[in-house]
Amino acid sequence: MCNPFIMDHPLIQHKLTLLRDKNTGAKEFRELVSEIAMLMCYEATRDLPLKEIEIETPVAVAKTKVISGRKLAFIPILRAGLGMVDGVLQMVPAAKVGHIGLYRDPETLLPVEYYCKLPTDIAKREVIVIDPMLATGGSAVDAINLIKKNGVTNIKFMCIIAAPEGLDALVKAHPDVQIYCASLDEKLNDHSYIVPGLGDAGDRIFGTK
Ligand code: PRP
Ligand code: URA
């Protein structure tokens with residue numbers, strides 16, 4: 001693995017193009033975020049350990065495989081991360097879901113925490129943090145600080161678009177975290193929005209602008 005692992009699968013890249021388009025409305029945007037999250041989850045869980053078990057088919061006994069090891073939890077960063085939850089749960093329906101609420105202060109651009117509710121057994125789980133956008137990296141770094149404080153040792157971060165600045169910040173703060181994204185974009189603009197990006201993910205998912 002390398003940081004970041006860029007998911008260049010044609011289905012993901014095609015859907016990402018539709019997502020970036022400013023003419024894509026909220027309904028289609030939400031559906032695309034969910035579909036991309038599902039496809040990315042498929043790839044991000046490729047290294048889950050398997051163990052062999054025996055089951056009986058109608059014909060014979062078969063030695064076959066099931067997922068073993070630590071159970072999974074997804075942690076969306078509110079709000080925009082919520083848009084990815086349905087998609088990842090379609091891949092791993094038994095996973096638990098924790099929530100961390102952070103918003104970027106428009107003046108300082110620093111993340112402000114307003115909510116945290118994690119599964120009680122979170123320390124025993126492998127965690128995948130989900131948020132469509134990694135811009136300055138402040139939100140992801142703070143969310144992962146909080147998750148580590150709760151005893152979690154095995155963490156992945158999955159975003160749709162990353163900026164080089166956010167990627168550097170996240171890798172510096174949490175070198176142990178494997179990062180997955182669909183695109184590493186060019187840069188941040190003066191307002192710390194990702195260029196070319198897709199605009200404000202939360203506003204586009206929830207139609208708030
Ligand atoms: C967006 C996005 C990330 C954050 C990324 O959330 O969903 O959480 O910005 O920016 P950063 O890497 O510079 O921290 P936002 O703060 O706009 O809140 P929202 O999801 O509630 O709209
Ligand atoms: N948050 C977003 O939603 N979009 C950006 O481009 C940067 C931060």
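Any read-out appearing in this document is the output of simple, stated calculations on the displayed coordinates, not a laboratory observation. Being a predicted model, the structure only gives us computed values, none of them experimental. Positions of Cβ are generated from backbone atoms using ideal geometry, with glycine treated the same way; all protein chains shown enter the neighbour counts.
The residue list K209, K187 contains one member that is over 24 Å from Q13 (Cα atoms) and in contact with a helix residue (DSSP H, G or I) (Cβ under 7 Å, 6 or more places away or on another chain), which is K209.
Scanning the stretch 188-198 for residues that are more than 10 Å from ligand 1 (Cβ to nearest atom) and buried (at least 16 other Cβ atoms within 10 Å of the Cβ) turns up G197, L198. Might you let me know whether the stretch 42-51 holds any residue that is among the hydrophobic types (A, V, I, L, M, F, W, C) and more than 22 Å from D142 (Cβ to Cβ)? Yes, some residue in the stretch 42-51 is among the hydrophobic types (A, V, I, L, M, F, W, C) and more than 22 Å from D142 (Cβ to Cβ). If the condition is being under 19 Å from A143 (Cα atoms) and either near ligand 1 (Cβ under 9 Å from one of its atoms) or out of contact with any helix residue (DSSP H, G or I) (no Cβ under 7 Å at 6 or more places or on another chain) (or both), then the stretch 84-108 contributes V85, K96, H99, G101, L102, Y103, R104, D105, P106, T108.
Of N3, N23, all but one fail to be within 20 Å of V127 (Cβ to Cβ) and of a type in the set (S, T, N, Q); the exception is N3. Looking only at the stretch 160-184, residues that are within 22 Å of A26 (Cβ to Cβ) and either of a type in the set (D, E, K, R) or within 13 Å of ligand 2 (Cβ to nearest atom) (or both) come to 3 in all.
Every listed requirement among (1) over 11 Å from the mean Cα position of the chain (by Cα); (2) closer than 28 Å to K124 by Cβ; (3) touching a residue at least 40 places away in the same chain (Cβ under 8 Å) is met by G151 save one, (3). Flag not set for G151, criterion: within 17 Å of R79 (Cα to Cα), surrounded by fewer than 16 Cβ atoms within 10 Å (Cβ to Cβ) and either touching a helix residue (DSSP H, G or I) at 6+ places or on another chain (Cβ under 9 Å) or of a type in the set (G, A, S) (or both). Restricting the stretch 119-145 to residues that are among the hydrophobic types (A, V, I, L, M, F, W, C) and within 20 Å of G69 (Cα to Cα), the residue that is farthest from the chain's Cα centre (by Cα) is A123. Does D142 count as without any contact (Cβ under 8 Å) to a residue 24 or more places away in the chain and surrounded by fewer than 23 Cβ atoms within 10 Å (Cβ to Cβ)? When the stated conditions are applied, D142 does not pass them. The criterion of being within 21 Å of E113 (Cβ to Cβ), more than 10 Å from ligand 2 (Cβ to nearest atom) and in contact (Cβ under 8 Å) with a residue 60 or more places away in the chain holds for I130.
Would a scan of the stretch 163-184 turn up a residue that is of a type outside the set (A, V, I, L, M) and within 11 Å of ligand 1 (Cβ to nearest atom)? The answer is yes; a qualifying residue exists. Against the numbered list (1) in contact with a Phe, Trp or Tyr (Cβ under 8 Å, 6 or more places away or on another chain); (2) near ligand 1 (Cβ under 9 Å from one of its atoms), M133 comes up short only at (1). Within this structure, Q90 passes the test of being touching a residue at least 40 places away in the same chain (Cβ under 8 Å), over 15 Å from C181 (Cβ atoms) and surrounded by 11 or more Cβ atoms within 10 Å (Cβ to Cβ).
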